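We did not get these values from a lab; they are worked out from the coordinates using the rules stated. Computed from a predicted structure; not experimentally measured.
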Amino acid sequence: MQVGFDRSDRGYPWLSVLLDGYEIIDEGVDAAIRAAVTRGNRILACHKGCGNCCISQTDIPVYPHEVAGIYWYATEKMPQQARAVLMNQLDTLASCPFLGGQECLIHAVRPASCRVFNVFGSPCQPDEDPFYTRQFDVLIPPQQYINEAFYTVMPFYGVKDRYDRMDAMEDGLIHSKIMNLKTYNWKELFSESEVER
Ligand code: SF4
Ligand code: SF4
């Protein structure tokens, strides 16, 4: 599935690899869901407007290239009304700041961790963490695609050569930069940016 944006945004030379990485992950998630539905007779519970996970999950990994993508989207693409909701949300710590009502305000550039988190069977209850209540229903992340996506976004971290990228993957370069989406200081990032205007 194409993450459909103009990739020639000159102010953001890394944008293309970020979107390529997300397309690879989406492809892997689609394939994993299709396989579970076909072979395991599973029914995907996740659907638009179902956002209990965005409230109940406290530890949501996010990486610097993803933060950059969210910043780009919020400053360059987000509709004014959604920006107003976001700025309001930044003052509350109850849920993910990008959850507007029951919808993700940054759906197209949401982090890989959100993209791969899918649940079968019934939708999660408020405060339910299906990792603990019914792990069998949680989609096993398509690790091969995730690795390929991380390999693809290496130029964001200044690593372009094919062999250097493989070394950086083995050294866990990207994983060493992991942060938590819920505790990241988005307010500081967005202060004095176009988002606030
Ligand atoms: S993970 Fe659970 S709460 Fe989140 S969209 Fe899927 S079913 Fe709904
Ligand atoms: S970024 Fe979007 S999908 Fe991820 S937790 Fe926040 S609202 Fe939910």
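Brief remarks follow.
- When the chain is treated as a Gaussian network with alpha carbon springs shorter than 10 Å, the biggest mean-square fluctuation among Q57, Q81, Q125 belongs to Q81.
- Under 5 Å, built H, 5+ apart or other chain: amide partners of R42: V37
- For region 109-114, 3J(HN,Hα) per residue [Karplus equation, 6.51 cos²θ - 1.76 cosθ + 1.60, θ = phi - 60°, Hz, x = Gly/Pro]: 10, 4, x, 4, 4, 6
- Distances between placed amide hydrogens fall under 5 Å for I60 paired with L181, K182, all partners being 5 or more residues away or on another chain.
- C-alpha center-to-center spacing [region 39-100, region 120-197] in angstrom: 13
- Annotation: lysines with alpha-carbon distance below 27 angstrom to K77 (same-chain offsets under eight excluded): K48, K177, K182, K187.
- Table column - 3J(HN,Hα) (Hz), region 124-134, Karplus curve with 6.51, -1.76, 1.60, x for Gly and Pro: 5, 6, x, 6, 7, 10, x, 4, 9, 7, 6
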